[in-house]
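Single-structure report; data block below.
The values are calculated or read from the model by the stated rules, or taken from the named source; none is laboratory data. Note that the structure is predicted; figures quoted are calculated from it, not measured. Ideal geometry is used to build each Cβ from the backbone, glycine not excepted, and the neighbour counts take in all protein chains shown.
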Amino acid sequence: MDHPAAWRPDWGRYALLWARMAFGSHSLLSGLNHFIPIFAIGGGGDPALSPIGPLMGELIHIGLYDVVKVIEIAVGLCLLANRFVPLAALVELPISTVIAYLCVFVDGTPNILFSGLREIGLNLFILAFYAGHLLPLTRPRPRHAPIWPLGWREAGQP
């Protein structure tokens with residue numbers, strides 16, 4: 001007998017919640033760990049031994065690595081707070097893509113390979129759940145909706 005008030009879980013929402021928590025906490029801790037050492041990373045080995053080492057050294061040298069870590073902190077906070085989730089995942093996508101590329105095609109060791117696939121996989125999973133908000137961005141000739149005078153109303157904002 002099917003009761004009308006029967007509990008029917010929405011497993012997609014639970015999966016999205018899990019992905020947001022996993023990716024958000026990873027991003028937040030990874031970003032914070034750069035500025036406030038919380039966890040030892042890299043196994044204590046010489047970073048020059050990794051094929052990724054020279055690139056990482058240059059990113060640190062020019063200050064871009066700090067920018068990446070600030071973005072990771074902001075993305076982590078957004079995902080954990082369930083605020084601006086599509087925007088946060090979209091902002092993190094270029095970083096996730098570079099991480100996945102380096103882990104899969106440049107380094108390729110098993111634990112690093114897993115890290116890269118996890119990074120891009122969780123990000124794309126979250127973006128897939130918000131595809132309805134993002135697909136309009138792919139229109140070849142969208143109608144303009146500037147932020148000034150009536151732009152907010154035309155864009156569907158209050």
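Name the pairs: first residue in the range 28-39 and aliphatic (A, V, I, L, M) and surrounded by 15 or more Cβ atoms within 10 Å (Cβ to Cβ), second residue at pLDDT 95 or above and part of a helix (DSSP H, G or I), Cβ to Cβ under 7 Å, at least 6 apart or on different chains? What qualifies is LEU28/ILE73; LEU28/GLY76; LEU28/LEU77; LEU28/LEU80; LEU32/ILE73.
On the given criteria, is ILE41 at pLDDT 85 or above, farther than 22 Å from LEU87 by Cβ and within 21 Å of the chain's Cα centre (by Cα)? Judged against the criteria, ILE41 is not a match.
Scanning the range 77-93 turns up one or more residues that are under 12 Å from the mean Cα position of the chain (by Cα), part of a helix (DSSP H, G or I), over 18 Å from SER115 (Cβ atoms) and not hydrophobic (A, V, I, L, M, F, W, C). Just wondering, is there one or more residues in the range 82-93 that are surrounded by fewer than 17 Cβ atoms within 10 Å (Cβ to Cβ), hydrophobic (A, V, I, L, M, F, W, C) and touching a residue at least 12 places away in the same chain (Cβ under 8 Å)? There is at least one residue in the range 82-93 that is surrounded by fewer than 17 Cβ atoms within 10 Å (Cβ to Cβ), hydrophobic (A, V, I, L, M, F, W, C) and touching a residue at least 12 places away in the same chain (Cβ under 8 Å). Please verify whether the range 103-113 includes one or more residues that are polar (S, T, N, Q), surrounded by fewer than 14 Cβ atoms within 10 Å (Cβ to Cβ) and modelled with pLDDT under 95. Within the range 103-113, one or more residues are polar (S, T, N, Q), surrounded by fewer than 14 Cβ atoms within 10 Å (Cβ to Cβ) and modelled with pLDDT under 95. Each residue in the range 45-73 was checked for being in a helix (DSSP H, G or I) and touching a residue at least 40 places away in the same chain (Cβ under 8 Å), and 4 pass.
One residue stands out in the range 125-153 among those that are at pLDDT 90 or above, exposed (fewer than 10 other Cβ atoms within 10 Å of the Cβ) and part of a loop (DSSP other than H, G, I, E, B): the one that is nearest to the chain's Cα centre (by Cα), namely ARG139. Does VAL75 count as closer than 15 Å to TRP18 by Cα, buried (at least 16 other Cβ atoms within 10 Å of the Cβ) and among the aliphatic types (A, V, I, L, M)? Here the answer is no, as VAL75 does not meet what is asked.
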